[in-house]
Amino acid sequence: MEVQQFYYDNKIVKKFLYASILFGAVGMLVGLLLAVMFIFPNLTDGIPYLSFGRLRPLHTNAVIFAFVGNAIFAGIYYSLQRLCKSRMYSNVLSSIHFYGWQLIIVAAAITLPLGFTSSKEYAELEWPIDIAIAIVWVVFGLNMIMTIINRRERHIYVAIWFYLATFVTVAVLHIFNSLELPVSAFKSYSVYAGVQDALVQWWYGHNAVAFFLTTPFLGLMYYFLPKAANRPIYSYRLSIIHFWSLIFLYIWAGPHHLLYTALPEWAQNLGVVFSVMLIAPSWGGMINGLLTLRGAWDKVRVDPVLKFFVVGITGYGMATFEGPMLSLKNVNAIAHYTDWIIAHVHVGALAWNGFMTFGMIYWLIPRMTKTELYSRSLANFHFWIGTLGIILYAIPMYVAGFSQHLMWKDFDPSGTLKYGNFLETVTAIMPMYVMRAIGGALYLVGLFVLIYLVYKTVRAGKPVEDELAEAPALTKISAHRLKGEGWHTWLERRPIQFTILTTIAILIGGIVQIIPTIFVKSNIPTIASVKPYTPLELEGRDLYIREGCVGCHSQMIRPFRSEVERYGEYSKSGEYVYDHPFLWGSKRTGPDLFRVGQRYSDNWHYNHMYDPQSTSPGSIMPGYKWLFDNKEADYSTIEKKMSVMQTLGVPYTDEDIANARESMRIQSEQIALNLEGDPDYKASYQASQQIALEKGQEFVPMSKREIVAMIAYLQRLGTDIKNRVEE
């Protein structure tokens, strides 16, 4: 038998590992800053690029796609070569993948603080970056699949199954969720509207968690855990059941993010059923991982790598028990829009993704540098301070979530809301936000310990070089099942057929849920009184999106007595038919805004946006002073925006588009006139005129500033149908 020599590419692994560590530090520092901004909301007062609404998507993208994403690629590139006994198919493709992915991350770090965002959770990046993501992802997939085809190992191991499922599903999710029509280089509108957009987004959002944050890490678990423990995986048969049931069921579960919303009831119930079923395969994977360590617990007590893996897998088990539980309607009614969801997400992110990444780094770095880890005691310190950080982060958020639910729904004996002022809830949970910031800081300290350990280990070791290996050449693989060979064993020899079956498994759920909602118009009935936004309101809505207001405010009133009493008539699906994109939100740091239109005067909104504490003492909302700057708002693309909306089915006429500027002038001047009714506003406005004159600056009338468009949008919200509270 011919034995061939070749080299494993360790340098690409090193690059992804270092990038993961670097961006992990950046992403978590931004996260800590955001946690502190809950306590000191005006910490970055007046700096638009450092406002909470713009930094929040930067934090989530940096942690998910930069920290976790680079770690996934490092682990896949290392393990895939050894499982296939083959070098990566192409050095060029590996380099394009690495540098392309880092450029995408840098583009996100620039565009998100500038306010270029689609507002869709975990998919905020604008259309040119979306295209770049798709291209780089295909490069990654091609390199991986060609490596598998050129392997020297007959069967593809379970870890590779999960890698293939990750590639296929993320590609499908990203492409369909990112379908949008461009307005300009960094502005686009989703092709879906309202309920349809919400369903597609959470089909993507839930399964981004499933197939970017879960399945690749399960593949890494199946490789690195047995290696670190020096024991075979507990059950091959369980791994087969785990894989196929997980990828088939997961894709159906997205609608459980939209329970009690305007989404059709059948879609909600379908999401609930499949979400509950998910607990079986999820826990099957956790059990397969933990039972791999049977008989090795003495090693776990002293080996920091295994400690990280054990807590990571346990965190996965906790999160995947909690997820199906949260999909039950009675539990979802308690948790949704509260900080319980923040706790749930971070148990998965910090324990499952974070600790699995840390364990993998501590295992890989010494091996690639051919030395010992610089200090086991420091690695153990990282483990314990990181664990304490998770606990101090999660528990206060669970307490805050329950407190929010109980206070939002509490009625006094007379039948009125006991805590009618939303701010009473905010004030009550402030100590929880302080504890959350402390927990996040401790977790970050652990990451800095890891950076120090990696630096010292690399300094003490040898430079990372490609690793010499040898293996027999793979003889021709029979396309037929051999005598006595199981069907799955046969499938493991046929990676193309395996990938096709995986694709079919993940497409079924998406097709059943999404096609009826998008193409069967009776599922989303229209309401005659609902009209498109005026040009000024459309511009105001885009400002609302730019500033990330959807991160703290929902626009979805559920059919609960407490919500109808507090916010107004519950939301109907037909009210959102012109919303590209939808803005239902997923967290209520502030109150729901769907029926805020005409509840307050223009002056109230003006003062609230400039200094929220002046109208709402105790508010943790930051001010948006740049909306008031003495500069003219840029409405140069309004005709193009309306034209794109027209293409998407919004009933703007050609005459509406031609008269857009005049319409904006009339509406904005009326709002500016309304503002003059406040003597304090009139005095400050005249003073600002005088200051501009003294500085030799051109004075921009209030009617031409951005704040007026924002007020126009806020005053429109929820006014298209009769509000039961106003009757």
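Observations, loosely collected:
- Look at the range 688-709: where a residue is over 24 Å from Leu543 (Cα atoms) and a partner is open to solvent by 80 Å² or more (accessible area, probe 1.4 Å) and assigned to a loop (DSSP other than H, G, I, E, B), sitting 6+ places away or on another chain with Cβ atoms under 8 Å, you get Ala692/Glu698.
- Residues satisfying the stated conditions in the range 89-100, i.e. open to solvent by 10 Å² or more (accessible area, probe 1.4 Å) and either modelled with pLDDT under 95 or of a type outside the set (Gly, Ala, Ser) (or both): Tyr89, Asn91, Val92, Leu93, Ile96, Phe98, Tyr99
- Scoring Val700 on the criteria (1) of a type outside the set (Gly, Ala, Ser); (2) open to solvent by less than 50 Å² (accessible area, probe 1.4 Å); (3) assigned to a helix (DSSP H, G or I); (4) over 22 Å from Ser184 (Cα atoms) leaves a single failure, condition (3).
- Whichever residue in the range 167-194 is touching a residue at least 60 places away in the same chain (Cβ under 8 Å), farther than 25 Å from Ala262 by Cβ and not in a helix (DSSP H, G or I) and, among such residues, is most open to solvent (accessible area, probe 1.4 Å): Phe186
- Output for the range 115-129, where each listed residue is within 20 Å of Val183 (Cα to Cα) and either open to solvent by 30 Å² or more (accessible area, probe 1.4 Å) or out of contact with any helix residue (DSSP H, G or I) (no Cβ under 7 Å at 6 or more places or on another chain) (or both): Phe116, Ser118, Trp127, Pro128
- Hits in the range 308-324 - residues which are open to solvent by 40 Å² or more (accessible area, probe 1.4 Å) and either of a type in the set (Phe, Trp, Tyr) or within 18 Å of Ala400 (Cα to Cα) (or both): Phe321
- Of all the criteria given as (1) outside any helix (DSSP H, G or I); (2) at pLDDT below 95; (3) open to solvent by less than 50 Å² (accessible area, probe 1.4 Å), the one not satisfied by Pro622 is (2).
- Among the candidates Ile76, Ile72, residue that is of a type outside the set (Lys, Arg), closer than 24 Å to His206 by Cα and within 18 Å of the chain's Cα centre (by Cα): Ile72
- Checklist (1) within 28 Å of Gly551 (Cα to Cα); (2) over 29 Å from the mean Cα position of the chain (by Cα) applied to Ile666, failing item: (1)
- When Ala479, Ala428, Ala460 are checked against the criterion of being at pLDDT below 95, over 26 Å from the mean Cα position of the chain (by Cα) and of a type in the set (A, V, I, L, M, F, W, C), a single residue qualifies: Ala479.
- Whichever residue in the range 215-256 is open to solvent by less than 10 Å² (accessible area, probe 1.4 Å) and β-branched (Val, Ile, Thr) and, among such residues, is farthest from Phe162 (Cα to Cα): Ile251
Residues checked against (1) open to solvent by 20 Å² or more (accessible area, probe 1.4 Å); (2) small (Gly, Ala, Ser):
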| residue | (1), (2) |
| --- | --- |
| Gly439 | no, yes |
| Leu453 | no, no |
| Glu467 | yes, no |
| Glu470 | yes, no |
| Thr475 | yes, no |
| Ile506 | no, no |
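- Only residues that are open to solvent by 70 Å² or more (accessible area, probe 1.4 Å) and either among the β-branched types (Val, Ile, Thr) or in contact (Cβ under 8 Å) with a residue 24 or more places away in the chain (or both) were counted across the range 526-540, and they come to 2.
- Qualifying residue in the range 370-393 (condition: closer than 30 Å to Val564 by Cβ, hydroxyl-bearing (Ser, Thr, Tyr) and over 31 Å from the mean Cα position of the chain (by Cα)): no
- Here Ile39, Ile47 are screened, and the one residue that is within 15 Å of Gly548 (Cα to Cα) and open to solvent by 10 Å² or more (accessible area, probe 1.4 Å) is Ile47.
- Taken over the range 538-591, residues that are part of a helix (DSSP H, G or I) and among the small types (Gly, Ala, Ser) amount to 5.
- Put simply, of Val36, Val13, Val63 the only residue that is under 25 Å from Tyr362 (Cβ atoms), part of a helix (DSSP H, G or I) and over 19 Å from the mean Cα position of the chain (by Cα) is Val13.
- Check on Gln81, in a helix (DSSP H, G or I), polar (S, T, N, Q) and surrounded by fewer than 23 Cβ atoms within 10 Å (Cβ to Cβ): no
- Qualifying residues in the range 411-426 (those that are touching a strand residue (DSSP E or B) at 6+ places or on another chain (Cβ under 7 Å) and touching a residue at least 60 places away in the same chain (Cβ under 8 Å)) - the one nearest to His553 (Cα to Cα): Leu417
- Within the range 652-693, the set of residues being closer than 21 Å to Met710 by Cβ, among the charged types (D, E, K, R) and either at pLDDT 95 or above or touching a helix residue (DSSP H, G or I) at 6+ places or on another chain (Cβ under 7 Å) (or both) comprises Arg661, Glu662, Arg665, Glu669, Glu676, Asp678.
- Residue match in the range 594-601 (condition: open to solvent by less than 30 Å² (accessible area, probe 1.4 Å) and part of a helix (DSSP H, G or I)): no
- Tabulated pairs, the range 542-568, first more than 21 Å from Met609 (Cα to Cα), second among the acidic types (Asp, Glu) and open to solvent by less than 20 Å² (accessible area, probe 1.4 Å), C-beta under 6 angstrom, 6+ apart or interchain: Ile557/Glu563; Ile557/Asp592
- Residue under evaluation Ala132, criteria (1) open to solvent by less than 20 Å² (accessible area, probe 1.4 Å); (2) more than 29 Å from Glu465 (Cβ to Cβ); (3) assigned to a helix (DSSP H, G or I), criterion not met: (1)
- In the range 336-388, residue nearest to Ser282 (Cα to Cα) [restricted to those that are in a loop (DSSP other than H, G, I, E, B) and open to solvent by 10 Å² or more (accessible area, probe 1.4 Å)]: His336
- Test: residue in the range 325-334 that is surrounded by 18 or more Cβ atoms within 10 Å (Cβ to Cβ), assigned to a helix (DSSP H, G or I), at negative phi and among the small types (Gly, Ala, Ser): no
- When the criteria are applied in full, Leu112 fails the requirement of being surrounded by fewer than 20 Cβ atoms within 10 Å (Cβ to Cβ), farther than 18 Å from Tyr77 by Cα, in contact with a helix residue (DSSP H, G or I) (Cβ under 9 Å, 6 or more places away or on another chain) and modelled with pLDDT of 95 or more.
The values are calculated or read from the model by the stated rules, or taken from the named source; none is laboratory data. The model shown is predicted, which means the values in this text are computed figures rather than measured ones. Virtual Cβ from ideal backbone geometry, glycine too; neighbours counted across all protein chains shown. Note: accessible area is taken over every heavy atom of the protein model, side chains too, but ligands, DNA and RNA are not part of it. Shrake-Rupley method; radii C 1.70, N 1.55, O 1.52, S 1.80 Å.
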